[in-house]
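Encoded as structure tokens, the structure appears first; notes follow it.
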Amino acid sequence: MSSIKKIKLFANCIPVKGAERSLICDLQRNRFDFIPNDLCEILILHEGKSTTEIKYIYKNLYDEIIDEYIDFLLEKEYVFFTHHPNWFPKMGLQWQDPFRINNAIIDVGENFEFEKILFELDSLKCKAVEFRFYDQKAIKIVNDILNYLQLKKSIISSVGFVLHYSEETTEHILNAIISNNSRVAYFVITNSPKNNFIKSLSNNVGYIIYTKDVVNDATHCGLITNMSLVINTKLFTESQHHNTCLNRKISIDKNGNIKNCPSMTESFGNIKDTTLEEALNHPNFKKYWHITKDQIEVCKDCEFRHICTDCRAYTENPEDQYSKPLKCGYDPYTNEWEEWSTNPLKQEAIEYYRLQGK
Amino acid sequence: MNKNLIIISERNDKSTNNVLEWLDYYDIDFERKNVDSDRSDFCIRISTQETTTSVSDCIVWNRRGYMSLLPTHLKKSEWIGYLKKEQFPVLATLEKSNPKNYIGSYVHELENNKLNNLQAAAKVGLEIPKTIVTNNKQDLLNFVEVNKKYITKSLVYSPFLEKKDCYYKGNGTIVVDFEKVSEYFAPSLIQEYIDKEIEIRIFFILDNFYAMAIFSQNDLKTQIDFRNYNDVSPNRCVPFELEATTLAKIKEFVSLIGCNSGSIDLILTPENKFVFLEINPMGQYHWLSESCNYYVDKHIAELLIEKVVYE
């Protein structure tokens, strides 16, 4: 009995079943493979059994296919064979974080009081902050922010900047800022003449992305493409329990309104007269935090649901908080990626959010 | 009233930061002493009734290194070698003054004698590789069997060679090439090479044991020593559940050598036997915790809090 080895998935390679096909998410090597749903079923129902047993369960009608499947799984190192499948438990999918807020998006507007905002983010112990600028005079403020954080020995340890392309955003100038500030995680330079990716100069410091994407306000956000998928344990486990975009996030739009995300309409007060702490304690502030992909229409049938970053700001049905992200062009029932903005079924919502031509 | 919590570590130790973030989450006060920057004031009083020290009434987590008891100006003194030696019995007394509430141990790290550990492991019934320590080829050849592979590794300290403009550091395991062995050599530990199905890394702190399986055998680079990491396609590392009898032996072993935290390396042989290799009293656990999604940092914070609040 025990002389025959049983098949076992490596615990960090997790099958996710979709409507028409499935994924194996390799959370250790940060990649995925498509697998047919019948293989996903074999893995979910019959992990821990021997090949012979599995073939027998399918009445020995599919022996060759099953052999092919197993060859594929072995070649990709998704499975191994063992006499003791019970020695290899599944990986726990718990997600925990010691901070009440762990990321923030700050849109920089005209009356931007960065010291006040940074002081409050620091009090909340928010470690990662993204600043987005929608006009061209940004580098002075970038430097002011970084100098302030250094001076105050702030807990904010990872800062990203989204800036418009200008004569101030040369690789030379940005890299000089990066090498003086270990807090800089990245610069994204929008409205650039060409796309370019500049790697980090060394480990633990920031990278630069130049993109031709035109970004003039917060409506650019929320795009979901096959390039925006993230395959790691952190997101996969967070996705089991929380919303992967809004959980533990706080934002300030360019008018100073405190929100879940700058693209949303609901405000919890203005930074002029409301503290981030007060906004966070508002009874509605956390209402999206627990909306998981398993609860969202269409997404719940999508094989990418646990490696996706979601969007609750723009949804196909603006009245329904469980509706699919508007700016996702993927259809899990046909397995095709299409341009979201030209989809006739989305036009009503596009009009609702005034996203035409954006 | 809560006891004072002292954490001894190095400035850039990420695991310490993670645990402190959880302590902060639970709103627990602590004092962090970085061995590479802070001097620690201390005092030991010995009398006929009892010995009391600065840490006898505290909860201590000695995560990395040892408390630095010397003033900064003496650290560059030419007497530093002597002063450090004089410091060690003091550290040992500090640790021993509070055995129940002193978690982790620099004294163990310093005196981590593989021979003692192997004997203790054998005593509790764990399998160990056949081992010899000798300084001559004749005894070595009498020990080895033909067609078997043998490895050598350090007895206590990692090999370290300092030259004018560079240094060499090694902490791995190498296969013995008998053709290159001289007639006489410095005392060396030689062990039978154990075929691996997988390697098991266990981190433990007090009664919490966390095990991870490392599949190093699919990769030529990591067959002898998984520390020869393959970054492109890293060895599979997954949660492992130690069966009760082996776990019981491991627990007996750590209690026998008096260690309350550390990392243990085992091998699972193709014949499904667990073989004890070594223990590192201040081993890293970050890799294990992340790979298996164990949240060891959070658990450490919680067990420290339990001690701070209830002991």
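Read-outs throughout are calculated quantities, based only on the coordinates presented, and are distinct from any laboratory measurement. Just so it is clear, the structure is predicted and the values come from calculations on it, not from any experiment. Here the Cβ is made from the backbone with ideal geometry for all residues, glycine too, and neighbour counts use every protein chain on show.
Any chance you could list P(r) for segment B:46-175, counting all Cα-Cα pairs in 10 angstrom bins from zero, rounded to whole %? Percent of Cα pairs in each bin: 9, 24, 31, 21, 12, 3, 0. Near B:I198, the amide H atoms lying under 5 Å from its own belong to B:L268; only residues 5 or more places off or on other chains count, and H is placed 1.01 Å from N. Compared with the dominant principal axis of the Cα atoms in chain B, helix B:14-25 is inclined by about 40°. Once the Cβ-Cβ distance of A:Q356 and A:H84 is raised to the sixth power relative to R0 = 60 Å, the FRET efficiency obtained is 0.50.
Taking Cα pairs under 8 Å and at least six residues apart, what relative contact order does chain A come out at, in percent? Intermediate results must be reported in sequence, preceding the final value.
Details: 629 pairs, mean separation 56.6, N = 358.
Reported relative contact order: 16 percent.
Working note: Karplus 6.51/-1.76/1.60 with θ = phi - 60° gives segment A:170-181 the couplings 5, 4, 4, 5, 5, 5, 5, 5, 4, 6, 8, 9 Hz, where Gly and Pro are set to x.
Fewest-first ordering of B:H286, B:H73, A:H220 by other beta carbons within 10 Å of each residue's beta carbon gives B:H73, B:H286, A:H220.
Summarise the partner chain shielding of A:87-99 as one whole number: the mean count of Cβ atoms from other chains within 10 Å of each residue's Cβ. Please report the intermediate quantities before stating the final value.
Numbers: counts 11, 6, 6, 2, 6, 5, 1, 4, 2, 6, 4, 12, 3.
The shielding value for this peptide is 5.
Using the alpha-carbon positions of segment B:125-179, Rg (one decimal) and Dmax (whole number) come out as 14.5, 47 Å. What ratio of Cα Rg to 2.2 N^0.38 Å holds for segment A:103-281? Ratio of Cα Rg to 2.2 N^0.38 Å: 1.01. So how far apart, in nm, are the two label points at A:H241 and A:Q321 if each is 7 Å from Cα heading toward Cβ? It is 2.0 nm.
In order along segment A:26-40, phi translates into HN-Hα couplings of 8, 6, 7, 9, 6, 8, 9, 10, 7, 9, x, 4, 5, 5, 4 Hz, rounded to whole numbers, per the Karplus curve 6.51 cos²θ - 1.76 cosθ + 1.60 with θ = phi - 60° and x for Gly and Pro. Pull up all non-local amide H partners of A:V188: gap of 5 or more, or a different chain, and H-to-H distance under 5 Å with H placed in the peptide plane. The answer is A:F161, A:V162, A:L163, A:I209. The residues A:L61, B:L242, when put in order of fewest to most other Cβ atoms within 10 Å, stand as A:L61, B:L242. Please build a GNM for chain B, connecting alpha carbons under 10 Å apart, and tell me which residue among B:E290, B:E31, B:E145 fluctuates the most. Result for chain B, Cα springs under 10 Å: B:E145 fluctuates most.
Here B:L161 and A:N216 are evaluated by their C-beta separation; at R0 = 51 Å the FRET efficiency comes out at 0.25. In this simple spin-label model, placing a label point 7 Å from the Cα along the Cα-to-Cβ direction at both B:E50 and A:F119 gives a separation of 4.8 nm. Dividing the helix sum by the residues of chain B, where each DSSP H run of 4 or more adds -39500 (n - 2.57), gives a mean residue ellipticity at 222 nm of -8500 deg cm²/dmol. Counting only the Cα atoms, the protein assembly as shown fills a convex hull of 222 Å³ per residue. Legend: mean number of C-beta atoms from other chains within 10 angstrom of residue C-beta atoms, peptide B:287-295, equals 4. Quarter the surface of the alpha carbon convex hull of segment A:90-206 and you get the mean projected area, 9.2 square nanometres. The long axis of helix B:80-96 is offset from the longest Cα principal axis of chain B by roughly 80 degrees.
Count the net charge of all other residues whose Cβ sits under 11 Å from the Cβ of A:G109, scoring Lys and Arg as +1 and Asp and Glu as -1.
Working: positive: A:R132, A:K254; negative: A:D107, A:E110, A:E113, A:D135, A:D217, A:D253.
Net of charged neighbours comes to -4.
If one puts a single equal scatterer on every Cα of segment A:275-352 and applies the Debye formula without solvent, what log₁₀ I(q)/I(0) results at q = 0.15, 0.19 Å⁻¹? Listed by q, the Debye log ratios stand at -0.58, -0.83.
Among residues other than B:K75 with Cβ under 11 Å from its Cβ, the summed charge is +2 (Lys and Arg +1, Asp and Glu -1).
Rounded to the nearest 20, the size of the Cβ-charge dipole of the protein assembly as shown about its Cα centre is 1480 debye, with Lys and Arg at +1 and Asp and Glu at -1. Here the calculated FRET efficiency for B:W79 and B:D36, from their Cβ-Cβ distance with R0 = 25 Å, stands at 0.80, rounded to the nearest 0.05. Partner shielding of B:14-27 amounts to 2, given as the average count of beta-carbon atoms from other chains within 10 Å of each residue beta-carbon.
The coefficient of translational diffusion for chain A, derived via Stokes-Einstein from the alpha carbon Kirkwood radius under 20 °C and 1.002 mPa s, stands at 94 µm²/s. For segment A:212-303, the convex hull spanned by the alpha carbon atoms encloses 126 Å³ per residue.
Database remark: amide H of A:E130 closer than 5 angstrom to the amide H of A:A104, A:I105, A:I106, A:G160 (H placed geometrically; neighbours at sequence offset of 5 or more, or on other chains; Pro and chain starts carry no H). Taking Lys and Arg as +1 and Asp and Glu as -1, the other residues whose beta-carbon sits under 11 Å from that of B:K298 total -4.
Give me the Å³ per residue figure for the convex hull around the C-alpha atoms of segment A:1-114. Don't skip to the end; give the middle numbers.
Working: hull volume 18.1 nm³, N = 114.
Given the Cα convex hull of segment A:1-114, per-residue volume reads 159 Å³.
Within chain B, all pairs of alpha-carbon atoms sorted by distance into 10 Å bins from zero give the percentages 5, 23, 31, 25, 13, 3, 0.
Segment B:246-311 and segment A:37-92 have Cα centres separated by 31 Å.
Relative to the longest principal axis of the Cα atoms of chain B, the long axis of helix B:296-310 makes an angle of roughly 40 degrees.
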